Amino acid sequence: MLMQGFVGFMWLLSMALILFSGFALIDAAIRREDAYRAADKQSKAFWLIILGLAFVVNLIFNILSFLPIIGLIATIVYMVDVRPAIKGLPGGGRSRKGSSSDGPYGPYNGGR
């Protein structure tokens, strides 16, 4: 009875870790590349690789292994340090779907 409760708790903890790292990976993927540079953080590709590895490790390995703990630390660093710095930029660092006539400072209206 006690062992079933422990296994159930570890399963829930593992699922929470997978969801947390998955959320961080998706959040890193929707941010603009230039937002990482503007916030003076590592590149978008770096964080996508680190968070992708953390997500895969959480899927494959048991929560009692040390690799998911390393992935959790990387995910926490992204969520506590990188994400707030990028969200603090104008536009929130999100990719936006603009018109093909948009310039670096907004829409181009042809001098009208």
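The values are calculated or read from the model by the stated rules, or taken from the named source; none is laboratory data. Not measured: the values here are computed from a predicted model. As a convention, Cβ positions derive from the backbone with ideal geometry for all residues, glycine included, and neighbour counts pool all protein chains shown. Quick note on the areas: whole protein, heavy atoms, side chains included, nothing else; ligands and nucleic acids left out. Shrake-Rupley method; radii C 1.70, N 1.55, O 1.52, S 1.80 Å.
Here are the numbers for the structure shown:
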| item | result |
| --- | --- |
| Considering residues of the range 65-109 that are in a loop (DSSP other than H, G, I, E, B) and surrounded by 10 or more Cβ atoms within 10 Å (Cβ to Cβ) only, the residue modelled with the lowest pLDDT | G98 |
| Residues (part of a helix (DSSP H, G or I) and open to solvent by 30 Å² or more (accessible area, probe 1.4 Å)) located in the range 37-56 | R37, A38, K44, A45, F46, L48, I49, I50, L53, F55, V56 |
| Pick from the range 17-36, criterion out of contact with any helix residue (DSSP H, G or I) (no Cβ under 8 Å at 6 or more places or on another chain) and closer than 18 Å to V77 by Cβ, ranking: most open to solvent (accessible area, probe 1.4 Å) | L19 |
| Pairs, first touching a residue at least 12 places away in the same chain (Cβ under 8 Å) in the range 1-27, second open to solvent by 30 Å² or more (accessible area, probe 1.4 Å), C-beta under 6 Å, six or more apart | S21/F55; G22/F55; A24/M79; L25/F55 |
